[in-house]
Structure formats: structure tokens, C-alpha cells
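Structure record follows, encoded as C-alpha cells.
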Amino acid sequence: MNKKIGQLSLSRFADLYADKMIGPEFFITDEKQLLELSEYPYRSDGYIIGICTRGKAEVEVNLQVYQAVPGAMLLATPFHILRIYNSSDDFLCRFIVFSKAFLTGNNANSLFLESFSYFKSESHPVIHPDQQDAAIILEAYRLIQQRLEQEKHPYRQEITRAAFTMLLYELEFIYEKQHVIIKARQNRKQELNLLFQNLVFRYYKEHRSVQFYANTLCVSPKHLTETIKEVTGRTSGEWIEDAVILEAKVLLRNHEISIAQVAENIHFPDQSSFGKYFKKHTGLSPTDYRMVLTHQNHPAEIK
């Protein structure tokens, strides 16, 4: 059955996919076809650990495109804007979705989740573990699955949380190894690009000038623009504009938010200036864009 997706809240995500769960705050799924959003970006308000088990697709995370193939892992946070597209007919994933509240439920350290490097803003959201590491992750996943099936166990939630914490530490070790490999492959220009991309998705709501990012990175605006253009084929200004428009599109999909509130959220001085900016870069006014969304028969479908 086809179902349309608007905002991908934890509860909506759980309704669509959850096999075993502890409320909407923590759930897992076994192999399923993940939603394909070929045109419209979305953001989840939960954390996602996804494992591609079959087929292939392209995953766009904060405008960067990654290949999802068997064994690939997606490590997404509420700060990531996602699109999944060009998926093969046999594309399947299993994943774990959770809230920060679930993980810190009995942990005195409210910043426990931030101690894992792969959930930080500068992390690499898609990794490709080797066969041995993939087997370790699958074993940990199966353990969580078994604990969730013990529905009458009085300490089911606590045991599940403990098993899940073990998985997080296994992932940290695997991620650190992957990060070393990725880092070793980067030259200085690629490293500058990565630093720039991370800054853009941290500050794009407040800062839309190339000068701000150049100053933060201690380079000239000319050098920054030329380097980003050489590495990515797009200028630094274009990346900033794209990040702002991407955020606007995500917000405009939620009809409970007024266009004035969207403008305020992205730090435009007023609705008029936001409207002009949006139309300049998309060819549509925010109102027209919403009308296009409304008249689409299937903006996003679950197959």
C-alpha cells in the first residue's frame, strides 16, 4: 500500500516501519524497502543507523551524494537532510531508529550520545565496513532483536538499551578505522572542502556570505571559491545557497508552519526578502512551491 510522507517524525517512522519497538523512542526493522524520495528532501527527528542488505541506491546527505550498496551503513542525525533515490527494485535495508531521550534514559551524562564521533556534525554519514566488521554489526543487531522479542521481561528496556550501547561502541571502533582511511585519501584541497561543507551545514541559517566562511577557515574568499569550485564543480556561494534552499524546501513541506515562520527560521529579515530569494533560486515563490507539493499525487511513496 502506498503512503505519503510529510515530516518524518519518530512516531510516523515507527508507524511505517517498526517491527519491534519500545514506544516510538526506539525501534528496529528487518529487511524492508526504504522510502524513496526522488525529489523531496526530508529530515528525521530521530537518529538512524541504516544497513543496506541488498540492491543499491543513491543517498544524498546534506547535498553530498553517497552510494548505498550491500554492507554500506548510514549514520544519520536530526541535523541531516536526506534524500534516497535511483534505488534498484531489490533495494533493501534494515535499520535502528532512536531518540536521544531513549539512549540517555538511565545515563547521568546528557551528552553521552555526543561522545560518539559518527554522530557529530562533521562526521562522514555513510561508511563501508569490511566483511568482518559487517558481521560484528549484524551480530549486535541480532542481539538487540532478540532482547526486544522478550516482551514480558521486566527489564526489557534496560537490557535492550545495554545491548544497543554495545553496538554504538562497536560502531565507534569501526568508524574510527574508516575515518582514518578516508582522511588518508584526502589532499589539502579536499580537506578544505570538507571543512567548508561542515561549516555550511552548521551556520547556513545565520550566515550566507562567503566572507564569513573564508574568515572562519583563515583563507581568502577568492581562494575558498576557487578551491571549492575545483573540487566540487560548484562555487562556495552556490553551496551556501543550495543549503538555504534545501532547508526552506524541508520547512515548506510542513503546512503547519507559515511562510513567515519559515523566513524567520532561516534568519531572513522578513517574508518578502525570503520570497524573493527563494524564487530567484527555484523559479517559484514559496506559495507556488507549496501548491506544487499539494498537487503532486505521490510526493513520496513507500513501495
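Calculate, in nm to one decimal, what ASN254 and GLU238 gain on full extension: separation in residues at 0.36 nm each, minus their alpha carbon distance.
Numbers: separation 16, 0.36 × 16 = 5.76 nm, distance 2.50 nm.
In short, 3.3 nm is gained.
Tell me what the chain gives for mean residue ellipticity at 222 nm when only DSSP H runs of n ≥ 4 count, each as -39,500 (n - 2.57), the sum divided by the residue total, rounded to 500 deg cm²/dmol. Intermediate results must be reported in sequence, preceding the final value.
Details: 11 runs with 142 residues, N = 303.
Rounded to the nearest 500, it is -15000 deg cm²/dmol.
Simple spin-label model, 7 Å along Cα-to-Cβ: ASP270 to GLN131 in nm?
Taking the two extended label points, one gets 6.5 nm.
What helices does the chain hold that run 20 Å or longer along their axis, going by alpha-carbon atoms, with a Kyte-Doolittle average of 0.0 or more, using DSSP H for the helix calls? List each step's numbers first, then the result.
Values: long enough: 131-148 (26 Å, -0.06); 156-185 (43 Å, -0.10); 188-203 (22 Å, -0.42); 236-252 (24 Å, 0.73).
Taking the DSSP H segments of the chain (at least 20 Å long, mean hydropathy at least 0.0), we get 236-252.
Taking the Cα centre of region 188-295 as origin, work out the dipole magnitude from +1 charges on Lys and Arg Cβ and -1 charges on Asp and Glu Cβ, in debye rounded to 20.
Working: 14 positive and 12 negative charges, 38 e Å.
Using only the charged Cβ atoms, the result is roughly 180 debye.
Would you order VAL65, VAL250 from fewest to most other beta-carbon atoms within 10 Å of each residue's own beta-carbon? Please report the intermediate quantities before stating the final value.
On the way: VAL65 12, VAL250 18.
So the residues, fewest neighbours to most, are VAL65, VAL250.
Taking the alpha carbon gyration tensor of the chain, what are the square roots of 5 times its eigenvalues, largest first, to the nearest whole Å?
On the way: eigenvalues 218, 121, 68 Å².
Computed over the chain, the values are 33, 25, 18 Å.
So for the pair LYS229, ALA101, with labels modelled 7 Å out along Cα→Cβ, what separation do we get in nm?
Distance between label points: 4.9 nm.
Report the extension gain between VAL69 and THR165 in nm, rounded to one decimal, defined as 0.36 nm multiplied by the number of residues separating them, less their alpha carbon distance.
Numbers: separation 96, 0.36 × 96 = 34.56 nm, distance 2.55 nm.
That works out to 32.0 nm of additional length.
As I understand it, the dipole of the chain uses +1 on the Cβ of Lys and Arg and -1 on the Cβ of Asp and Glu, about the Cα centre. Which of SER258, TYR155, SER220 lies farthest toward its positive end?
The Cα lying farthest towards the positive end belongs to SER220.
What nm distance separates the two modelled labels at ARG54 and ASN198, each placed 7 Å from Cα along Cα→Cβ?
3.7 nm
Which residue, chosen from SER273, GLN131, VAL61, occupies the Cα position most advanced towards the positive end of the dipole of the chain, where the dipole is computed from +1 (Lys, Arg) and -1 (Asp, Glu) charges on Cβ about the Cα centre?
The Cα lying farthest towards the positive end belongs to SER273.
About the Cα centre, and with charges only on the beta carbon of Lys, Arg (+1) and Asp, Glu (-1), how big is the dipole of the chain? Nearest 20 debye, please.
Details: 35 positive and 36 negative charges, 80 e Å.
Charge dipole, the chain, about its Cα centre: 380 debye, nearest 20.
Could you calculate the contour length gain from THR294 to TYR155, that is, 0.36 nm times the residue separation minus the distance between their Cα atoms, to one decimal place in nm?
45.5 nm
Values in this text are rule-based calculations from the coordinates and carry no lab data. The structure presented is a predicted model; accordingly, all values stated were derived computationally and were not measured. Glycine gets a Cβ as well: all are built from the backbone with ideal geometry, and neighbour counts include every protein chain shown.
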